[in-house]
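Below is one structure, written out as structure tokens; the observations come after it.
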Amino acid sequence: VTEVGQQVGHDYDTHHIVLDFGAMPFPVLEGQSIGIVPPGTDAQGRPHHPRQYSIASPRNGERPGYNNLSLTIKRVLEDHAGQPVRGVASNFMCDLQVGDTVEVIGPFGTSFLMPNHPKSNIVMICTGTGSAPMRAMTEWRRRLRQSGKFEGGKLMLFFGARTQAELPYFGPLQNLPRDFIDTHFAFSREKNKAKRYVQDAMRERAADLAVLLQDPNTYFYVCGLKSMEEGVVLALHDVATQAGLNWDTIGAALKREGRLHLETY
Ligand SMILES: Cc1cc2nc3c(=O)[nH]c(=O)nc-3n(C[C@H](O)[C@H](O)[C@H](O)COP(=O)(O)OP(=O)(O)OC[C@H]3O[C@@H](n4cnc5c(N)ncnc54)[C@H](O)[C@@H]3O)c2cc1C
């Protein structure tokens with residue numbers, strides 16, 4: 001561990017963790033994840049099973065030129081039913097200090113990978129720590145652009161969180177110019193404001209999404225809470241239908257051509 005950053009509020013605690021692999025080759029691509037093996041054993045005395053975490057940095061590292069990568073990890077203190085629980089791996093990771101070592105397996109993931117060809121459009125739809133792979137893809141494109149190697153293609157980001165304060169660490173990506181990335185936030189628990197989810201933000205941008213849906217160079221990535229999947233796919237369906245497009249044809253093509261990627265947990 002070479003860096004730990006924390007973003008904490010009364011009901012969330014998200015950590016930005018940089019792991020350095022030293023002399024061990026560990027090539028990764030944006031969209032892949034790694035497995036963390038928590039130390040110790042479970043209540044039955046068996047070794048803990050590994051938990052997966054999306055890589056939040058691009059292929060050449062959080063710090064380019066070094067053999068490192070970053071993760072965005074939310075401390076789990078409640079189970080899905082809202083009961084208090086201490087998630088094994090997330091708490092282990094969120095308690096790490098600089099200099100600690102971690103057992104890693106992987107990398108994993110052969111399909112949630114960004115398109116490589118010029119002029120490909122990327123539509124990223126995420127909630128919470130689902131922003132990690134989007135951060136990796138966006139930063140890779142930003143570096144390509146910076147080095148003059150970027151050959152075009154739109155980036156569109158729909159980002160859902162409970163409140164503005166909860167937005168996971170997005171570092172240098174927060175203030176990117178509009179002509180580089182078209183970002184839309186949706187907050188579901190802002191005081192005195194109506195609940196907004198990513199699918200609401202998507203519907204507001206239906207005209208742009210309808211154009212992108214018809215472009216065979218557009219790739220969709222959905223990552224975050226399991227519960228977002230249905231609403232997001234329904235929003236895409238409605239955007240297509242309202243634009244007079246046949247969702248069955250478009251949806252089937254997206255799946256067949258590997259242009260609709262869902263990774264929810
Ligand atoms: C492909 C993939 C990528 C992932 N990427 C990330 C990532 O980038 N960042 C990240 O923080 N997590 C990510 N996860 C989730 C992560 O793998 C763990 O599931 C999560 O950290 C909880 O593990 P734990 O050991 O702390 O909890 P556990 O000890 O496994 O679980 C404790 C209890 O909490 C419940 N629980 C588990 N996860 C949650 C949750 N998120 N919210 C509420 N209750 C929960 C469990 O059902 C269980 O009852 C990813 C999962 C997958 C499959």
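Data for the structure
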read-out: Inter-site label distance for residue 205 and residue 67 at 7 Å from Cα along Cβ, in nm; value: 3.8
read-out: For the stretch 212-217, 3J(HN,Hα) per residue [Karplus equation, 6.51 cos²θ - 1.76 cosθ + 1.60, θ = phi - 60°, Hz, x = Gly/Pro]; value: 5, 4, 8, 8, x, 9
read-out: Between 0 and 90°, nearest 10: helix 131-146 axis offset from the chain longest Cα axis; value: 70
read-out: Mean Cβ count within 10 Å, highest first, over the residues of peptides 149-161, 207-219; value: 149-161, 207-219
read-out: Cα gyration tensor, the chain - rounded (a/c under 1.5), prolate or oblate; value: prolate
read-out: In degrees, nearest ten, helix 228-242 long axis to first principal axis of the chain (Cα); value: 10
read-out: Sequence-distant residues sharing a close amide H with residue 260 (under 5 Å, placed H); value: 220
read-out: Table column - 3J(HN,Hα) (Hz), the stretch 93-108, Karplus curve with 6.51, -1.76, 1.60, x for Gly and Pro; value: 5, 6, 9, 5, 10, 4, x, 5, 10, 9, 8, 10, 10, x, x, 10
read-out: Efficiency of FRET between residue 225 and residue 91 - r from beta-carbon atoms, R0 22 angstrom, step 0.05; value: 0.70
read-out: Residues whose placed amide H lies under 5 Å from that of residue 182, excluding near-sequence neighbours; value: 155, 156, 157
read-out: Helical mean residue ellipticity (222 nm; -39500 (n - 2.57) per DSSP H run of 4+; nearest 500) of the chain; value: -7000 deg cm²/dmol
read-out: Distance-filtered residues of the stretch 1-26 - backbone nitrogen under 17 Å, label point 7 angstrom along residue 191 Cα→Cβ; value: 9-12
read-out: Max mean-square fluctuation residue, GNM over the chain, Cα-Cα springs under 10 Å, options 131, 54, 227; value: 227
read-out: Rounded D (µm²/s) - the stretch 3-108, Kirkwood Rh over Cα pairs, Stokes-Einstein at 25 °C, 0.890 mPa s; value: 168
read-out: Spin-label pair residue 101/residue 164, simplified geometry with 7 Å Cα→Cβ offset, distance in nm; value: 4.5
read-out: Highest average packing first - 195-205, 6-16, Cβ atoms within 10 Å; value: 195-205, 6-16
read-out: Solvent-accessible area, 1.4 Å probe, carbon plus sulfur percent, for the chain; value: 52
read-out: Spin-label proximity, residue 144 to the stretch 37-68 - amide N less than 19 Å from point 7 Å beyond Cα toward beta carbon; value: 55-65
read-out: Whether the stretch 121-264 is rounded, prolate or oblate, judged on the alpha carbon gyration tensor where a/c under 1.5 counts as rounded; value: oblate
read-out: Solvent-accessible surface ranking, highest first, for 229, 257 at 1.4 angstrom; value: 257, 229
read-out: Solvent-accessible surface (1.4 angstrom probe) belonging to residue 101, in square angstrom, nearest 10; value: 120
read-out: For the chain, accessible area per residue (1.4 Å probe, heavy atoms of protein chains only), Å²; value: 51
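The values are calculated or read from the model by the stated rules, or taken from the named source; none is laboratory data. Predicted model only: the values in this text are computed from it and were never measured. No Cβ is skipped: glycine too gets one built from the backbone with ideal geometry, and neighbour counts run over all protein chains shown. Side chains included, ligands, DNA and RNA excluded: accessible areas come from the protein's heavy atoms. Shrake-Rupley method; radii C 1.70, N 1.55, O 1.52, S 1.80 Å.
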